[in-house]
Amino acid sequence: MKVTEVSKAFGGVQALSKVNLTIKKGEIHCLAGGNGSGKSTLIKIISGFYKADSGTIQINGKDYQKLSTMESIEQGVQVIYQDFSVFPNLTVAENIALNDAVASKKKLVNWKKVYQKAEEALKKINIVLPLHEKVEELSVSDKQLIAIARAMLHKANLLIMDEPTTALTRKEIHKLFTAIRHLQKQGVAVLFVSHKLDEVFEIADNFTILRNGQNVITDSTKNVDHKKFIYYMTGRSFDAELFQPEVSQEQKPLFQVKGLGLENGFSDISFSVYPGEVIGIIGLLGSGRTELAMALFGLYAAETGEIWIGDKQVTIDSPITAIKHKIGYVPEDRLSEGLALGQSIARNMSIANIDSLCKKGNQVDFDKVDENVLHWAQELSLVMQNAQQPAHTLSGGNQQKVVLAKWLEIAPKVLVLNGPTVGVDVGAKHDLHNYLHQLAATNEIAIIIISDDVLEVLENCNRIFVMNHGRFTAEFKNTEVTEQELLAEMTRQE
Amino acid sequence: MRFKKLFKRNEFYVGITIVALSILIQIRSGQFFTGNNFVDLARAMIIPGMLTMGVMMQIISGGIDVSFPAIAMLSMYTTVKVALSIDFQGSMVFMFLFSTMLGLVMGLMNGALVCWLKLPAFIITLGTGSIFLGFMQAVLKSRNIGILPKPMRVLSKTYLLTAHNETLGISSSLPFVFIFLIVAVALTSFLLRYTMLGRGIYALGGDRDACQRAGYNVNAIQMFIYGTMGALAGFTGLTRAVLMGSCQPTSLIGYEMTCIAAVVLGGTRISGGHGTVYGTLMGALLLTMISNSLILLGVPTYWSKFVTGLLIIIGTGMSAYQALQQRKKLAGKYPVEEEKQV
Amino acid sequence: MKKRLNVGSLQKRGAGSISSQDTGVRRLLIILAAVIVLFSILQPEVFLTKDYIVSMLYLFPEFGILALGMMLCMISGGIDLSVVSTANLSGIVCCSILVRMVPENAAPGLAVAMLLVSILAAVLVGVCGGLLNGVLISKLGIPPILATLGGSDLIMGIALAFTKGSSISGLPPILSNVGTHHIFGVLPVTLVVFVICALIVAWRLEKTTYGYKLFMVGSNAKASRYAGVDNDKIIIQTYVTSGILSAVAGVLMCARFNSARAGVGVSYTMQAILISVLGGTDPNGGFGTVRGVTVAILILQVLSSGFNMFPFLSNFYRDLIWGVVLILVMAYNHVSNLRKLKKEREALQIK
């Protein structure tokens, strides 16, 4: 398969520009790149889910300008998406066998064959799952295994895996790799999207790195080492300025967490934030970082442990109590959790604080709302025409500024940011980071960045906690740790 | 483990309620487990049973249609009217075919609008239902027709069997059209269980994006579902006229809510993806029993509405509440137990 | 980067409204004007008479008030199928109090006091109905369609059981006297009631924190929860408001018929939904204005009154026309939305 000069834009944001990618038969190719680098978009174009604005895709020597999903499947392209694309309401067996049956244009279902095929597919990756169980009853890792088994069942020429190992244990990953190599021997090409370095070097023959929607390099994994790989991924050898606030440890901490735990989420989490600090919590998908972030904001009530703000212990069991105690939370998924996209910028910005922006009789004081919106828009250099525009007309970076402004509006004492710059362009990213530094310098707020972006955390947080399987496994000062060490700590499997 | 799952299913509770209600009625009146009562129930099940098959399919796919009673009535009325005006003497097959085709066309209109506008199907079909009904009452000036075309009269006098009740001295007959219900149920079961299209309906209701990625043509499935509902409604409308022995063009007004209630009671989730034929039949049976047999219990009929409402709330509330609690808890994001073993 | 920022006046536009909604209302006003002009030309000697206009103004408030409640529920992302049941039960409660408590030849003072008591009781019934729906939806998580469908049957069931399916009549004249009264001979009391309801709803929706939050809940319930909005409270408030409005409409219906019966005006549910959507309320939640709904009500009333002038057109044409109008408006909105989205994308690309 060969992708030539493919470009794609969404609402004015160039997601991909003139990207090339070549995968030979039986090759295991790794596609790497940071958040927002265009990996997912490229995959969706290859699978026919999106249509490219320009460029061609060649599969098995056949050129396509506009590839459809059906054509893609016919040509043997199989994708395992990050969200697995499984049907929660169907059984395991059917989930595995359905896509293949659709592709073969069958009209009737042969249940005996469905179970046969499902078993066969699971055998290929050496895994046992309850075939009659409905998928909604299963764990996330089981869902992933189903997605993998499903793709393997199909006569695939090219198997695309979008970060397939995030929810798997080491043992399961080993199984998966064995299966992948087995497929490779049969001449199946595998496009493996991952940013776990160890895995990339373990399994891939070649790699391609994307950054900001453009090709950076394509090479053999034999020719580079870890350090160089990270250099390509991030675009700089690491010499950026590190955030180093003046923190006097004599002061009392602004925010403390002691032995926080939540079943199936995380356990025994303790840390404290001193005035002027920005701390980072870093971990892979499924490490429990998101659950922790949500618990700090009351979206899940932690089952054990204590939360202290200043020298007062507080109970946080809902966003309402969290806001009462001046905790703000910039969520992971801006589009579904952070904004009501159809509503105006002004409303999105002022909603968290609206109860204190009113006159008597619960009447909204629109003068005050206007004033504050204008204030934050200037403070954060938000680019907009009008505060009455619906939020969906903004670019990702500006949308994130709106979410941030929403929390600045409540004058927070604690600000938790979960993946604050996902899908944000470089300029806005810079603005946001700078603003956080300024904010920290007021010494009146505790800022916690939760992320899987090593560089972001390293640059912006003076102390970093690594989260792995629901626990803090290490603590570093940003001046005393390298990216490689952090990555190694994050991906360590025991 | 198996039992635990059973307790979580709506069908289980509906089944228990049906059994309890039957025993209660039997004790109170002694008239439940009699041949003629069963025949009466079977007869009363024909129309709701047939219609709920279509409604269930729609809800499984994540859609809904409230215009089908209007489709049924309009198809029925038009067919009867046309047959009368040409003094039709031929086979019933043609009349059913005609009525079904009319329904199909209207159903496809619904489908096209739902696919195109991407607005809630409830609102769209509310609008089209209003159009169909308005068309029948205003343009066609529909009114009750007491004397049906001859083929229909013959069919409505055709019975499969008759049950006598010695104690009450009455007898009930099971009309021939009961066979239609059996056929509709059999076809639906087959479609949903053994065809790729049927599985596509479940897949669509389960996850629309995943359904598309699997290679299904989502719009085609939707067109099929709404078309089928229309055709089924057209067919059932005429069946109803045969059953009643007269053509009452407004007799199905408000029936959509009864059918949706029956389907949901039978364990079909309104959010789509889940539903079984036997569950739906049980839901329809329970509602039929309440409206038919409550009087045998000595409960005045005007309580039936109250009981229906209560059943809907309890039936949907239980599973909704379970789902809500589940969402509040954390699902195991990573395999904790496995880790301990390693 | 320093750019003059235009915040736009929030006050003028009203909370939650975006300019496209104003164009929607403008579009409806044009339709209304066209319909009025059409009928005026066709039948000037009937349509333009005082009596005819007054009768229109007298009739529409009943389902207009129901539509206001429906709009609120739709903005929250739900729907209320129980409006008519609630209206019926409220009316029945109101009427039975009047029948029992007001003796024949009662002093006017007593009659008025009892009227107020009975209306209060009716409103209380509305609150209970709304509370039931709101709790089922927010606390139990039942989808609004099913919760209000079940709630509707339950409430209607109570009404049927209470009246044993028959109607309550023999009311003291006070209710019908007040309800059908025309102030100065031209201004129907029902219209006054509608205007009061509409103003209160509009004020709640556009000026208070309740409305401010309601739009957020309807637009993205998750995001509003993440912003500390008490979604459950907002939902319950919304359905209770709808219940109260239904009760008011129920009392008006009783005044017009001078009796109460379960099952009166069943078709009003559908009409309320149609009006609400026609008035620009987004059935997916998040948008809707009292202005839009009011104009939509007027359009439909003018249409149906207009059709009444033609003896050869039966009342049933109303259903047909309403359905057609609804589908056309939805189709038109869909097409123009697509065009607007495309324009917005292009504008972004130029930047």
Could you pull out the residue among A:VAL422, A:VAL454, A:VAL416 that is under 24 Å from A:ALA322 (Cβ atoms) and open to solvent by less than 40 Å² (accessible area, probe 1.4 Å)? A:VAL416
Count - residues of segment C:142-173 that are closer than 15 Å to B:ILE312 by Cβ and either in contact with a strand residue (DSSP E or B) (Cβ under 7 Å, 6 or more places away or on another chain) or open to solvent by 30 Å² or more (accessible area, probe 1.4 Å) (or both): 4
Given the residues C:VAL135, C:VAL84, which is the only one that is within 13 Å of chain B (Cβ to nearest Cβ), within 14 Å of the chain's Cα centre (by Cα) and closer than 19 Å to C:THR238 by Cβ? C:VAL84
Look through segment A:352-366, keep the residues that are within 8 Å of chain C (Cβ to nearest Cβ) and open to solvent by 40 Å² or more (accessible area, probe 1.4 Å), and return whichever of them is nearest to A:PHE297 (Cα to Cα). A:ASP355
Exactly one of these conditions fails for C:CYS128: (1) out of contact with any Leu (no Cβ under 8 Å at 6 or more places or on another chain); (2) open to solvent by 40 Å² or more (accessible area, probe 1.4 Å); (3) free of Cβ contacts under 8 Å to residues at least 40 places away in the same chain. Give me its number. (3)
Among the residues of segment A:372-385, write down those that are outside any loop (DSSP other than H, G, I, E, B) and either at the interface with chain C (Cβ under 7 Å from one of its Cβ atoms) or within 25 Å of C:LEU205 (Cα to Cα) (or both). A:ASN372, A:VAL373, A:LEU374, A:ALA377, A:GLN378
If you take the residues in segment C:138-165 that are hydrophobic (A, V, I, L, M, F, W, C) and part of a loop (DSSP other than H, G, I, E, B), which one is farthest from the chain's Cα centre (by Cα)? C:LEU140
Out of (1) modelled with pLDDT of 80 or more; (2) more than 24 Å from the chain's Cα centre (by Cα); (3) outside any helix (DSSP H, G or I); (4) crowded, with 21+ Cβ neighbours inside 10 Å, the odd one out for A:GLY26 is which? (4)
Could you please let me know if B:VAL264 is within 8 Å of another protein chain (Cβ to nearest Cβ) and out of contact with any Phe, Trp or Tyr (no Cβ under 8 Å at 6 or more places or on another chain)? yes
Does any residue in segment B:10-38 that is without any contact (Cβ under 8 Å) to a residue 24 or more places away in the chain and part of a helix (DSSP H, G or I) come within less than 7 Å, Cβ to Cβ, of a residue that is of a type outside the set (Lys, Arg) and surrounded by 15 or more Cβ atoms within 10 Å (Cβ to Cβ) six or more places away or on a different chain, and which pairs are these? B:GLN26/B:PHE32
For the list (1) touching a residue at least 24 places away in the same chain (Cβ under 8 Å); (2) more than 27 Å from A:PRO164 (Cα to Cα); (3) acidic (Asp, Glu), I need the number of the one condition that A:ASP317 fails. (1)
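So that you can scan it fast, the table gives a plain yes or no per residue for (1) closer than 21 Å to A:GLU137 by Cα; (2) within 13 Å of chain C (Cβ to nearest Cβ):
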position: B:CYS259; (1), (2): no, yes
position: B:THR276; (1), (2): yes, no
position: B:THR280; (1), (2): no, no
position: B:LEU285; (1), (2): no, no
position: B:TYR302; (1), (2): no, yes
position: B:PHE306; (1), (2): no, yes
position: B:LEU310; (1), (2): no, yes
position: B:SER319; (1), (2): yes, yes
position: B:GLN322; (1), (2): yes, yes
Go through A:TYR64, A:TYR81 for me and flag whichever is more than 14 Å from chain C (Cβ to nearest Cβ), within 27 Å of B:HIS274 (Cα to Cα) and touching an Asp or Glu at 6+ places or on another chain (Cβ under 8 Å). A:TYR81
Among the listed residues C:ALA296, C:ALA260, C:ALA247, identify the single one that is over 14 Å from the mean Cα position of the chain (by Cα) and more than 9 Å from chain B (Cβ to nearest Cβ). C:ALA260
Is it the case, given these coordinates, that A:THR473 is among the hydroxyl-bearing types (Ser, Thr, Tyr), open to solvent by 30 Å² or more (accessible area, probe 1.4 Å) and closer than 23 Å to A:GLY276 by Cα? no
Take B:LEU24 and tell me if it is closer than 28 Å to C:LEU320 by Cβ and open to solvent by 10 Å² or more (accessible area, probe 1.4 Å). no
Residues (within 14 Å of another protein chain (Cβ to nearest Cβ), crowded, with 20+ Cβ neighbours inside 10 Å and either among the charged types (D, E, K, R) or outside any helix (DSSP H, G or I) (or both)) located in segment B:125-180: B:SER142
Determine which single condition A:ILE279 fails, assuming it passes every other condition in (1) crowded, with 22+ Cβ neighbours inside 10 Å; (2) assigned to a loop (DSSP other than H, G, I, E, B). (2)
Run down C:ALA198, C:ALA223 and say which single residue is farther than 21 Å from C:CYS94 by Cα and more than 9 Å from every other protein chain (Cβ to nearest Cβ). C:ALA198
Would you mind listing the helices (runs of 4 or more DSSP H) fully within segment C:1-114 where at least 2 residues are at pLDDT 85 or above and in contact with a strand residue (DSSP E or B) (Cβ under 8 Å, 6 or more places away or on another chain)? C:50-59, C:83-101
Out of (1) in a helix (DSSP H, G or I); (2) more than 7 Å from every other protein chain (Cβ to nearest Cβ); (3) of a type outside the set (D, E, K, R), the odd one out for A:VAL369 is which? (2)
For segment B:193-209, which positions are more than 7 Å from chain A (Cβ to nearest Cβ) and of a type in the set (Val, Ile, Thr)? B:ILE201
Would you mind finding the one in B:ALA231, B:ALA203 that is farther than 18 Å from A:MET70 by Cβ, small (Gly, Ala, Ser) and surrounded by 22 or more Cβ atoms within 10 Å (Cβ to Cβ)? B:ALA231
Could you list all residues from segment C:260-284 that are touching a Ser or Thr at 6+ places or on another chain (Cβ under 7 Å), surrounded by 24 or more Cβ atoms within 10 Å (Cβ to Cβ) and not hydrophobic (A, V, I, L, M, F, W, C)? C:GLY280
Just checking, does segment A:90-105 include any residue being over 24 Å from B:LEU204 (Cβ atoms) and within 8 Å of chain B (Cβ to nearest Cβ)? no
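The values are calculated or read from the model by the stated rules, or taken from the named source; none is laboratory data. All figures in this text were calculated on a predicted structure; none of them were measured in a lab. Don't worry about glycine lacking a Cβ; one is built from the backbone with ideal geometry, like all the others, and counts go over all protein chains shown. Surface areas here come from the heavy atoms of the whole protein model, side chains and all, with no ligands, DNA or RNA. Shrake-Rupley method; radii C 1.70, N 1.55, O 1.52, S 1.80 Å.
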